[in-house]
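A short worksheet on the structure shown next.
Nothing in this text is a laboratory measurement; each read-out follows from the coordinates by a stated rule. All of these numbers come straight from a predicted model, not from anything done at the bench. When we count neighbours, we look across all protein chains shown, and the Cβ atoms used for this are built from the backbone with ideal geometry, even at glycine.
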Amino acid sequence: MDKFISSSDETLIHYTVSGSGDTAVIFIHGWLGSGCWWESQIKFFAGKYCVVTIDLAGHGKSGKNRHDWSAKRYADDIVAVVNQIGSKNIVLVGHSMSGAYALEAALSASGVKAVVLVDTLKDMDQLMTIQQAEEFIFSLYRKDFRYAVENVLPKFLFCDATPEAIRERLQNEFLQYDPEFAVNALKPLYNMNVSEYAGQVKIPVRAINSAYTPTNLEANQKHFRNYKYLTISDTGHYPMLEKPLEFNNLLAGLIEDQGF
């Protein structure tokens, strides 16, 4: 069911609700994505849980009138939906850039019992600074966004086993956005102090990480109070799309381990 709610700056946030139950699993997409990335997860989990997908501001069917692009605003998008759902038990599942925003949201949203990071924040000792992002990412997007999407990003986002259909789908979705929005949508991640929020989160933080790049467990356990991760092989940055069944089974185990 499609729903909308106003975020803290009155931007309309689109979200969907499927299934029912005392526990709500809320899925938040990454950069230039939408709730559509979680279609396989909706089908898998809606029989047992209330399943929610969110379109962050500027993405999918959500409002595109935001001017103040910040991590707090993204976190507010999540908090608005979480509080509207009103479940006693909330599990936030954040992919890529939204993992950091899920951590911030967990500090103020009602009923959040765990955060699951999906292929993100894999080494808290090696987070990119805003200066590095400007030099290596944003300048490239502004210069030639199509070239970056088609020739540079695949080296970092996909692996040899990533299905060609997934590559084409994601690249086509990225190219629906203009370069300036692509920069504005991502910049808040590099402007926030992720380590600060990580240290404040008392609830369990779990992760499902693709094996194509390593996870630094020692570093992450220094920053998070309660962190564990699982790996999924032969996928790139989008395991929920590339290997949905294996991803779903791993996520189901993590949720069940929390007693839900």
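Between residue 22 and residue 252, what is the label-to-label distance in nm when each label sits 7 Å out along the Cα-to-Cβ direction?
Each label point is offset 7 Å from its Cα along the Cβ direction, giving 2.1 nm.
Calculate I(q)/I(0) for the stretch 149-202 by the Debye formula, one identical point scatterer on each C-alpha and no solvent, and give its log10 at q = 0.16, 0.23, 0.24 Å⁻¹ to two decimals.
Scattering profile of the stretch 149-202, log10 relative to I(0): -0.68, -0.91, -0.93.
Assuming 0.36 nm per residue, please report the length gained on full extension of the stretch residue 152 to residue 128 beyond their Cα-Cα distance.
Value of the extension gain: 6.9 nm.
What does the net charge come to around residue 10 if you take all other residues with beta carbon closer than 14 Å to its beta carbon, with K and R at +1 and D and E at -1?
Result for the neighbourhood of residue 10: -1.
Which of the peptides 122-135, 169-182 is most tightly packed, and how do the rest follow, judged by the mean count of other Cβ atoms within 10 Å per residue?
169-182, 122-135
Under 10 °C and 1.306 mPa s, how fast does the stretch 1-81 diffuse according to Stokes-Einstein, given a Kirkwood radius computed over C-alpha pairs? Answer in µm²/s, whole number.
Here the translational diffusion coefficient equals 126 µm²/s.
For the chain, what does -39500 (n - 2.57) per DSSP helix run (n ≥ 4), summed and divided by total residues, give at 222 nm, in deg cm²/dmol to the nearest 500?
-10500 deg cm²/dmol
Checking the cross-link filter: which aspartates and glutamates have an alpha carbon closer than 13 Å to that of residue 143, excluding same-chain neighbours under 8 positions apart?
134, 135, 178, 180
Using a simple charge model, +1 on the beta-carbon of Lys and Arg, -1 on the beta-carbon of Asp and Glu, nothing else, what dipole does the chain show about its Cα centre, in debye to the nearest 20?
Magnitude of the dipole: close to 480 debye.
When the Cα centres of the stretch 161-187 and the stretch 95-147 are compared, how far apart do they sit, in Å?
Going from one Cα centre to the other spans 15 Å.
Run the dipole for the stretch 142-260 about the Cα centre, Lys and Arg Cβ at +1, Asp and Glu Cβ at -1, nothing else charged, and hand back the magnitude in debye, nearest 20.
460 debye
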